[in-house]
Amino acid sequence: MHKDFSAKIMSNVKAQSSNYFDIWILKFGFNKIRLGLFIIPVLILLILSCAKEPPIFKKSKFLMDTVVTITAVGTKDEVEKVIDATFSEIERLENLMSGFKEGSDVDRINKSAGIGPVKVNRDVINVIAKAKEISEITGGAFDITIGPLSKLWGFGVKKEYIPQEDDIKKLLPLIDYRQISVDESKSEVFLNKNGMMIDLGGIAKGYAADRGVEILKNMGIKAGIVAVSGDIRTFGKRPDGKAWHIGIKHPRESEKVLTAIDLEDSSISTSGDYERFFIKDRRRYNHILNPKSGYPATGCQSVTIISKEGILVDALATGVFVLGTEKGMEFIESNKSIEGIIVDSKGEVKVSSGLRGKVGL
Ligand code: ADP
Ligand code: MG
């Protein structure tokens, strides 16, 4: 009795499952043998295509006072040497452009301010010339002659230090990008006034990302990413044919991403008040300075800029941060090739028209 009952259940289960399966087969017009003939080659193809898909190799190194991560499509054996050559190029740029390294091109330019022109490497000429252009278009919000003020505030060097107002005011006449003379034909730079200093901290990382991509491409890499901290340039596509998916940090919740965006052959940079800052008497002081006032810019929590070139997005993220939410978004909207996301001082997110619908914001 018991046996029969269980047998009945079993036969019911069999019947049910076979019915269910047949409906599925009928729906697609197959019988079981044909289904097998269909599924097996599909499975083989799937396994083969997975095995064939080129891998992605990634490596990081501490350069330019931050973590540089290079991603390339290929196996470790294929791409590691190329990545190392790219790191060497970035290190070479750091040695030219760091203001803290004795004997660097920037150090020599600063030490000769008001004295005489200095012959420098072509890369330094490129970056300074571009910096001047970006100062022009941002109305001086981005200005590499910020050097004396960066030194006075000493972010990352002096702890929670607020300079005397008089000391800030005294330096303001030295902050003027128009006082940088660049002689491209002689590859020379001269800072017209004694005491002037350039600081490439807001632009050199983006240039390094550009040069890094150039090296990778020249050495045969078809797709990848050079990320000099938050200054990122992508090229080509992922091996699965999709665009690179780049996350943007949340300015107040360090573990969270604000959003992510798909990029191919373009650059993205985020400047925020959360990277280097201190809080004193409930006021936040960050490392992006307003060249007009000499004090930290306060209009935004973060600015993300997207465009073709790394050097441009790096400098513009800093410049738009100084411009503040309203003028900053006006600037972004007035340039067809530039898109951006601004998180204002209250944490409200503004997205440029070209990005609406493309980012989950
Ligand atoms: P991060 O260095 O965190 O990537 P940015 O690209 O915005 O951020 O660069 C900030 C750096 O740029 C500062 O540390 C300083 O060296 C320099 N800087 C600060 N204010 C300005 C400014 N108004 N224009 C140009 N450079 C600036
Ligand atoms: Mg920048």
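Taken together, the values in this text are just the output of simple stated rules run on the coordinates, not laboratory data. In this text, all values refer to a predicted model and were calculated from it rather than measured experimentally. Quick reminder, even Gly has a Cβ in these numbers, built from the backbone with ideal geometry, and neighbours come from all protein chains shown.
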Practice item. Specify the inter-centroid distance of segment 277-328 and segment 65-90, based on alpha-carbon positions, in whole Å. Key: 30 Å
Review point. In which sequence would Val257, Val182, Val124 go, from the one with the fewest C-beta neighbours within 10 Å to the one with the most?
Key: Val257, Val182, Val124
Exercise for review: Give the shape of the chain as rounded, prolate or oblate, defined through the alpha-carbon gyration tensor: a ≥ b ≥ c are the square roots of its eigenvalues, a/c under 1.5 means rounded, and otherwise the shape is prolate if a/b is larger than b/c and oblate if not.
Suggested key: prolate
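Residue separation times 0.36 nm, minus the C-alpha to C-alpha distance between Lys101 and Glu333: what's the value?
Working: separation 232, 0.36 × 232 = 83.52 nm, distance 3.83 nm.
Stretched out fully, the Lys101 to Glu333 stretch lengthens by 79.7 nm.
Counting pairs of alpha carbon atoms under 8 Å apart in space and at least six apart in sequence, what relative contact order in percent does the chain give? Display every interim value, and only then the final one.
Details: 652 pairs, mean separation 52.7, N = 361.
Averaging sequence separation for qualifying contacts and normalising by length gives 15 percent for the chain.
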Revision key, fill the gap. Using alpha carbon centers only, segment 148-167 is separated from segment 240-273 by a whole-angstrom value of 31 Å
Check your understanding: In deg cm²/dmol, rounded to 500, what helix-only [θ] at 222 nm does the chain give when every DSSP H run of at least 4 residues adds -39500 (n - 2.57) and the total is split over its residues?
Key -> -13000 deg cm²/dmol
Practice item. Pull out a ≥ b ≥ c, the square roots of the eigenvalues of the alpha-carbon gyration tensor of segment 165-283, then state rounded if a/c is under 1.5, prolate if not and a/b is larger than b/c, and oblate in the remaining case. Key: oblate
Point to revise | Gain on full stretching of the segment that runs from Arg276 to Val349 - 0.36 nm per residue minus C-alpha separation | key: 24.2 nm
**Study point:** Net charge of neighbours whose Cβ lies under 15 Å from the Cβ of Ile306, counting Lys and Arg as +1 and Asp and Glu as -1
**Key:** -2
Review point. Which of the lysines could a cross-linker span from Lys81 if the Cα-Cα distance has to be under 16 Å and same-chain partners fewer than 8 positions apart are dropped?
Key: Lys58, Lys59, Lys61, Lys217, Lys222
**Study point:** Label-point separation, Tyr161 to His245 (7 Å along Cα→Cβ), nm
**Key:** 4.4 nm
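Work out which helices of the chain, taken as complete DSSP H runs, extend at least 18 Å along their axis over the Cα atoms and score a mean Kyte-Doolittle of -1.0 or more, then list them.
Numbers: long enough: 2-27 (38 Å, -0.35); 32-52 (30 Å, 1.98); 76-97 (31 Å, -0.47); 122-137 (23 Å, 0.18); 204-218 (21 Å, -0.47); 310-323 (19 Å, 2.14).
Span-like helices, by this rule, are 2-27, 32-52, 76-97, 122-137, 204-218, 310-323.
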Check your understanding: Within segment 285-361, which trypsin sites (Lys or Arg not before Pro) sit in a loop by DSSP and count at most 11 neighbouring Cβ atoms inside 10 Å?
Key -> Lys336, Lys346
